[in-house]
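In what follows, a structure is listed as structure tokens, so that the remarks can point back to it.
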Amino acid sequence: MQLARSGVGHLTLIDPETLESANLGRHVLGADDLGYSKAKALRERIRRDLPTIEVAAHATFAEVVMDNRPDVFDKADLVIVTTADWQSEATFWRAKSSGTAWGLLQAWSEPHTHVGHALLAPSGTFDATNLFKENGDFKYKLTEWPKGGIVALPACGESFIPGGSLGMVNIASMVSETALRTLTGNVKDSVWVSSIYRPQDVAELGGEYLGPELPDGVRQSLLEREWPRNKERTE
């Protein structure tokens with residue numbers, strides 16, 4: 001929605017999931033869309049609010065679209081991956097490692113949404129898989145949480161990674177801003193962007209903050225720098 005309101009003229013949405021009640025605190029969609037495909041419901045929301053935007057939707061996995069509809073990616077300028085699913089993310093990095101005309105922006109939130117990251121690879125050949133462990137954990141995370149920050153849901157065998165809407169809005173804005181700068185030609189090299197919001201609250205939530213200290217009075221910060229060096233984090 002931020003990209004559409006910022007003037008991006010064509011969007012392709014890919015998401016196999018349906019909207020559930022647990023999503024409502026952080027998702028742009030509301031209760032009227034519960035049980036519907038996220039991709040298709042968001043397409044209709046954008047079409048209704050911004051009818052000049054061209055929006056396509058695929059209610060399936062991105063890997064399926066890549067295999068069955070390669071033209072979708074052949075026409076893309078930038079692919080934004082926010083699935084937090086390592087299988088999906090690794091699939092795109094494998095494609096990127098062979099060289100693609102489209103840029104790749106992988107973005108995610110750490111538990112409780114006090115920290116978010118975006119790794120951008122512009123057009124060309126890039127591979128960020130060495131920055132992650134085999135299970136997809138980022139080697140250079142800025143917070144540490146008991147049990148990986150995963151909270152089990154009672155009686156149903158499922159779990160979720162907690163996070164508030166304010167932190168998620170900050171991270172979404174960071175991703176959108178990075179995407180827009182890329183699409184307008186203002187980012188030409190690989191970059192690592194991090195959003196840090198109220199790190200002093202991490203300890204109160206039971207976690208440990210590992211990132212840089214913010215100056216007194218600063219509640220939120222955006223950091224942009226080169227990708228981490230290809231080595232194991234030891235500190």
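All of the numbers you see were taken from the coordinates with simple rules; none came from a lab. Just so it is clear, the model here is predicted, and its values are computed rather than measured. In this analysis, Cβ positions are derived from the backbone assuming ideal geometry, glycine residues included, and neighbour counts consider all displayed protein chains.
Subtracting the Cα-Cα distance from 0.36 nm times the residue separation, let me have the gained length for residue 190 to residue 74 in nm, one decimal. Let's see the in-between values first.
Details: separation 116, 0.36 × 116 = 41.76 nm, distance 2.06 nm.
Computed gain between residue 190 and residue 74 is 39.7 nm.
If you wrap a convex hull around the Cα atoms of the chain, how much volume per residue is inside, in Å³? Don't skip to the end; give the middle numbers.
Details: hull volume 34.3 nm³, N = 235.
Convex hull of Cα atoms, per residue: 146 Å³.
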Fewest to most Cβ atoms within 10 Å: 91, 52, 129 sort as 52, 129, 91
Checked the range 17-61 against the a/c 1.5 cut and the a/b vs b/c comparison, axes a ≥ b ≥ c from its Cα gyration tensor; verdict oblate
If every Lys and Arg gets +1 and every Asp and Glu gets -1 at its Cβ, then about the Cα centre the chain yields a dipole, in debye to the nearest 20, of 420 debye
Lys and Arg at +1, Asp and Glu at -1: neighbours of residue 95 with Cβ under 12 Å from its Cβ sum to -3
Two pseudo-spin positions, 7 Å from Cα along C-beta at residue 48 and at residue 34, lie apart in nanometres by 1.7 nm
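Quote to one decimal, in nm, the extra length available between residue 64 and residue 5 on full extension: 0.36 nm per residue of separation minus the C-alpha distance between them. Before the final figure, lay out the partial values.
Working: separation 59, 0.36 × 59 = 21.24 nm, distance 2.82 nm.
Going from the current span to full extension adds 18.4 nm.
Based on the Cβ-Cβ distance from residue 144 to residue 223, what FRET efficiency comes out when R0 is 22 Å, to the nearest 0.05? It would help to have the intermediate numbers written out before the result.
Details: r = 18 Å, r/R0 = 0.83.
My answer for the efficiency is 0.75.
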At the level of C-alpha centres, the distance separating the range 166-215 and the range 1-77, in angstrom, is 23 Å
The answer for residue 28, listing residues at least 5 apart or on another chain whose modeled amide H is closer than 5 Å to its amide H, is none
